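S.K.: The structure is given below, and queries will be raised subsequently.
The values are calculated or read from the model by the stated rules, or taken from the named source; none is laboratory data. Because the structure is predicted, anything quoted here is derived from the model rather than measured. FYI the Cβ positions are ideal-geometry reconstructions off the backbone, even for glycines, and counts take in every protein chain you see.
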Amino acid sequence: MKKDKASAVTPGFLVRIETGELEELAQHIKHADVELTQISRAQSPSSLTQIFFDNINLQIGHYGAGHMAYATSDKERSGMVFKISGDCPTTCNGYDIGSKSFMFYRKNSEYMAIANGSCKWTYITFKPDYLEESLLEPLQVQLDKKRNISSYLQKIKEQVHLDPFYGIVNEISELANSNPRIFQDTDIIKGMEWSLLNSQMLVLSNTLNSSGKSDRGKKSHEHIIKLSIDFLKANSYKPIHVLDLCSALNVRTRTLYYAFQEFYGISPIRYLRLVRYARARRDLLGADPERMTVTDIAANWHFWHFGRFSVEYKSLFGESPSETLNRGMGI
């Protein structure tokens, strides 16, 4: 039996475990009491990567063998489980799990699963009340209808709604392998948390009952837009997230979405991302390249995937971030 190899690069941020025995992972999985039973020969080593953010936790696991799992989820947190990859048939609480579905678990849920081969999964949990209740309400209604069943499967109509989330999870996993020191940067950690939260909000808004008409009129939407702009001006040197805007304006996430879609034709997530790019450009133009780097400025605005930052920045402004930095000081 191989020993676990675990390392905590920064306490509370990143923990990685690799093991040759699948059962050994169970004791390390947070926010759930899990029993794992291996039922087939291991095709590859098993591993678990856990990143603990301020309000959400992400766990990425690779099960290298077929297995059965029995678990009770956290009494204080709700969570969602996604099967990222793996061709083997997988069943959880009587549902077939694939890449176009996810399982939602409310607090203190029980779930039983079986997978007939290796697969990669991710488990994301939320602090109480972190996600707006109106986003999770349709799931809660479905759960209340099902006696003695404490989980719910949500099917995704289009894979495109899940691909951004899977991409973020895979990129974070690769960084945990290749550059763990990056998780010591609190700005980057916050940027990752925002990316995960944004992707979850997009998944929920595209799969739940969010297609109804807004209960606010156009004038209310106009007022929301004006208040949003005022808030952004007052906080021009801070990265702003959708939840910050909702809290400051005292509006629901869906209402904010309707307002931005009506007035700008884009989501508030996209709008705020464009604002962050514009402000990063402002800082690049005003920075001294002898003292600041593109990476420093990108991280300050909670951009953490620097390759994507450079590509999208160039597509927006017609030059690379480094060209802007050097041009700003007349180099």
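S.K.: Is there a residue in the range 311-319 that is under 24 Å from the mean Cα position of the chain (by Cα) and under 28 Å from Tyr130 (Cα atoms)?
M.R.: no
S.K.: Take the range 253-293 and flag every residue that is under 19 Å from Met201 (Cα atoms) and small (Gly, Ala, Ser).
M.R.: Passing the criteria: Ala259, Gly265, Ser267.
S.K.: Let me ask something else about it. Identify all residues within the range 19-48 that are surrounded by 18 or more Cβ atoms within 10 Å (Cβ to Cβ) and farther than 21 Å from Thr90 by Cα; write none if there are none.
M.R.: Result: Thr19, His31.
S.K.: Related question: When you look at Ile168, is it under 24 Å from Ser78 (Cα atoms), assigned to a helix (DSSP H, G or I), modelled with pLDDT of 90 or more and not basic (Lys, Arg), yes or no?
M.R.: In short, yes.
S.K.: What's the total number of residues in the range 267-283 that are hydrophobic (A, V, I, L, M, F, W, C) and closer than 17 Å to Arg252 by Cα? Spell out how you get there, then give the answer.
M.R.: Narrowing the range 267-283 to residues hydrophobic (A, V, I, L, M, F, W, C): 269, 272, 274-275, 278, 280.
Filter again for closer than 17 Å to Arg252 by Cα, leaving 269, 272.
The qualifying residues number 2.
S.K.: A follow-up question, please. Take the residues in the range 301-316 that are touching a residue at least 24 places away in the same chain (Cβ under 8 Å) and either of a type in the set (A, V, I, L, M) or part of a loop (DSSP other than H, G, I, E, B) (or both); name whichever of them is farthest from Asn179 (Cα to Cα).
M.R.: Leu316
S.K.: Among the numbered conditions (1) part of a loop (DSSP other than H, G, I, E, B); (2) more than 28 Å from Arg181 (Cα to Cα); (3) in contact (Cβ under 8 Å) with a residue 40 or more places away in the chain, tell me where Glu319 comes up short.
M.R.: The one condition Glu319 does not meet is (3).
S.K.: Residues in the range 269-298 that are within 24 Å of Pro164 (Cβ to Cβ) and either among the basic types (Lys, Arg) or not in a helix (DSSP H, G or I) (or both): how many?
M.R.: Count: 5.
S.K.: Do we have any residue at all in the range 123-136 that's of a type outside the set (A, V, I, L, M), modelled with pLDDT of 80 or more, loosely packed, with under 15 Cβ neighbours inside 10 Å and under 20 Å from Gln38 (Cα atoms)?
M.R.: Within the range 123-136 (the criterion being of a type outside the set (A, V, I, L, M), modelled with pLDDT of 80 or more, loosely packed, with under 15 Cβ neighbours inside 10 Å and under 20 Å from Gln38 (Cα atoms)), the answer is no, since none of the residues qualifies.
S.K.: Do we find that Ile84 is of a type in the set (A, V, I, L, M, F, W, C), assigned to a strand (DSSP E or B), touching a residue at least 60 places away in the same chain (Cβ under 8 Å) and crowded, with 21+ Cβ neighbours inside 10 Å in this structure? Break it down into steps so the answer makes sense when it comes.
M.R.: Numbers: of a type in the set (A, V, I, L, M, F, W, C): yes; assigned to a strand (DSSP E or B): yes; touching a residue at least 60 places away in the same chain (Cβ under 8 Å): yes; crowded, with 21+ Cβ neighbours inside 10 Å: no.
Spelling it out, it is not the case that Ile84 is of a type in the set (A, V, I, L, M, F, W, C), assigned to a strand (DSSP E or B), touching a residue at least 60 places away in the same chain (Cβ under 8 Å) and crowded, with 21+ Cβ neighbours inside 10 Å.
S.K.: May I ask you to list pairs of residues, at least six apart or on different chains, whose Cβ atoms are under 9 Å apart, with the first in the range 277-300 being in contact (Cβ under 8 Å) with a residue 12 or more places away in the chain and over 22 Å from Ile182 (Cα atoms) and the second being among the β-branched types (Val, Ile, Thr) and outside any helix (DSSP H, G or I)?
M.R.: From residues that are in contact (Cβ under 8 Å) with a residue 12 or more places away in the chain and over 22 Å from Ile182 (Cα atoms), the pairs are Ala287/Thr293.
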